[in-house]
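Since the structure comes first, as structure tokens, the remarks are kept for the end.
Values quoted throughout were computed directly from the atomic coordinates according to the rules given, and no laboratory measurement underlies them. Everything numeric in this text was worked out from a predicted model, so none of it was measured. Backbone-built Cβ (ideal geometry, glycine too); neighbour counts: all protein chains shown.
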Amino acid sequence: MSKKPLILGIETSCDETAASIITENDKGIPTVLSNIISSQVDVHKEFGGVVPELAARSHIEKIDWIVEKAISDSGKKIEEIDAVASTAGPGLIVCLSVGLSFGKAFASAINKPFIAVNHLEGHALSPKLNSHLNYPYLLLLISGGHSQYLSVQGLGKYKRLGTTIDDALGEAFDKTAKLLGIEFPGGPQIEVLAKKGDPEKYDLPKPIFNKGGCNLSFAGLKTAILKIAKSIKTEQEKFDLAASFQKTVEEILNKKTKIAFEEFEKENKLKEKVFVVAGGVAANKKIRSALINLCEANNYKSIFPPIELCGDNAAMIAMVGLEKYKLNEFNTLDYPAKPRWPLDEKAAFLKGAGVQLS
């Protein structure tokens with residue numbers, strides 16, 4: 001029996017320092033042997049958001065220990081590692097540089113291949129860590145910095161069908177939480193508050209709801225929340241606004257996903273219709289439930305990563321590394337950090353650029 005690849009993944013694109021060791025079993029199914037994530041919530045809490053320089057400093061302080069623990073917890077030895085995969089972008093360049101430099105140095109020290117990974121591709125492939133997933137599939141990537149529908153044709157083969165023309169959905173969640181007085185990172189707490197509120201209390205706007213194809217817009221919704229939040233006087237009103245916000249997001253995603261289904265089906269001959277939802281917002285159980293119901297009504301198989309792998313993590317980076325290792329797709333040690341690195345290189349750069357809204 002041939003040895004299965006053993007991949008070390010490293011992730012430092014924003015405010016999580018993470019390392020993971022993965023391999024695959026005899027059936028070729030990925031197996032996570034360790035997945036260590038160190039959050040920086042306490043570092044950034046008083047500032048209400050991520051401070052790049054503080055994040056980078058924290059990465060530098062922790063990365064040695066995080067990688068050491070990932071290897072130790074995996075039960076493997078350093079010399080057994082076959083390749084090192086590090087996030088090269090997109091993200092905060094001062095943060096990316098820490099994990100990227102460490103990964104290159106580590107690969108060089110053990111004389112093994114180095115693989116530069118697109119953080120977004122990590123999210124795109126993350127469901128492979130717990131599901132059998134065949135190409136092509138439709139992907140909805142919803143995170144703190146990205147919201148887009150992508151047709152996934154294979155490793156490294158993506159076509160963007162729609163994107164946000166302003167704020168990312170995760171950003172809208174975090175900013176709404178901040179307006180409601182929830183400590184950073186507040187996005188995940190919106191779901192908790194919403195359970196106590198009346199989702200019909202506030203009639204909130206749904207920007208470009210009836211135009212723009214499957215492109216998204218959340219800036220107008222955020223502005224409406226800002227105006228209402230200023231007049232809130234009771235805890236119940238806060239709960240009601242959180243519930244109304246979440247309901248509005250569900251309605252937007254429901255409408256836009258239906259359009260994405262249509263566009264995806266136009267371009268692909270499908271034996272099976274598969275819809276993958278990934279990124280930090282995919283951990284929201286209410287949104288998951290709404291999208292699962294939508295898939296069932298439209299004959300789509302819905303696939304989500306495990307809740308713990310929706311946010312930034314190194315297992316998904318190692319997952320991409322594993323796929324590339326099997327194809328001998330390696331990178332040189334002078335590979336640069338890329339603050340901007342779209343999955344669809346042909347897609348418009350500026351938010352809203354090239355987006356037809358009529």
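Here the range 78-167 was treated as a single set of alpha-carbon atoms; its pair distances binned every 10 Å from 0 give 15, 37, 33, 13, 1 percent.
Please tell me which of these pairs span more than 31 angstrom C-alpha to C-alpha: 178/211; 62/175; 27/62; 62/338; 178/338?
Working: 178/211 29 Å; 62/175 28 Å; 27/62 35 Å; 62/338 22 Å; 178/338 29 Å.
Where the Cα-Cα span goes over 31 Å, the pairs concerned are 27/62.
Straight Cα distances below 14 angstrom link residue 258 to the aspartates and glutamates 250, 296, with same-chain residues fewer than 8 positions distant left out.
For a straight C-alpha distance cut-off of 19 angstrom, the aspartates and glutamates reachable from residue 76 (same-chain residues fewer than eight places away being disregarded) are 24, 26, 64, 68.
If contacts are Cα pairs under 8 angstrom and at least 6 residues apart, what is the relative contact order of the chain in percent? Could you put the intermediate results ahead of the total?
Values: 770 pairs, mean separation 85.7, N = 358.
Here the relative contact order equals 24 percent.
For labels at residue 297 and residue 223 in the simple 7 Å Cα→Cβ model, what's the distance in nm? Placing both labels 7 Å beyond Cα along the Cβ direction yields 3.0 nm.
Derived from the Cα gyration tensor, the three semi-axes of the equivalent ellipsoid of the range 20-71 are 31, 12, 8 Å, largest first. Over all directions, the projected convex hull of the C-alpha atoms in the range 135-304 averages 9.4 nm² in area.
In this label model, residue 203 and residue 65 are separated by 5.4 nm, measuring between points 7 Å along each Cα→Cβ vector.
Compute the helix-to-body angle for 93-110: its Cα long axis versus the longest principal axis of the chain, expressed 0 to 90° and rounded to tens. In the chain, helix 93-110 runs at an angle near 20 degrees to the longest axis.
About its Cα centre, the dipole of the chain is roughly 840 debye, where the only charges are +1 on Lys and Arg Cβ and -1 on Asp and Glu Cβ. Label-to-label distance, residue 326 versus residue 289, with points set 7 angstrom from Cα along the beta-carbon direction: 3.6 nm.
Which three numbers, in whole Å and largest first, are the semi-axes of the equivalent ellipsoid of the chain derived from its Cα gyration tensor as √(5λ)? Write down the numbers at each step before the final one.
On the way: eigenvalues 233, 118, 63 Å².
Taking √(5λ) for each Cα gyration eigenvalue gives 34, 24, 18 Å.
With a Förster radius of 45 Å, plug the Cβ-Cβ distance of residue 233 and residue 307 into 1/(1 + (r/R0)^6) and report the FRET value to the nearest 0.05. Each step should come with its number before you reach the end.
Working: r = 34 Å, r/R0 = 0.77.
E(calc), rounded to 0.05, equals 0.85.
With neighbours defined as other Cβ atoms within 10 Å of a residue's Cβ, the residues 218, 275, 184 order from fewest to most as 184, 275, 218.
May I ask you to derive the relative contact order of the range 118-266, considering only C-alpha pairs under 8 Å and at least 6 residues apart, and to give it as an integer percent? The partial results should precede the final answer.
Details: 246 pairs, mean separation 33.0, N = 149.
With pairs under 8 Å counted, the relative contact order is 22 percent.
Between residue 272 and residue 25, the C-beta separation translates, for a Förster distance of 22 Å, into a calculated FRET efficiency of about 0.40.
What does the charge dipole of the range 1-60 about its Cα centre add up to, to the nearest 20 debye, if the Cβ of each Lys and Arg holds +1 and the Cβ of each Asp and Glu holds -1? Display every interim value, and only then the final one.
Details: 5 positive and 8 negative charges, 67 e Å.
Dipole about the Cα centre, nearest 20: 320 debye.
Once the convex hull of all Cα atoms in the range 149-201 is built, its volume per residue stands at 146 Å³.
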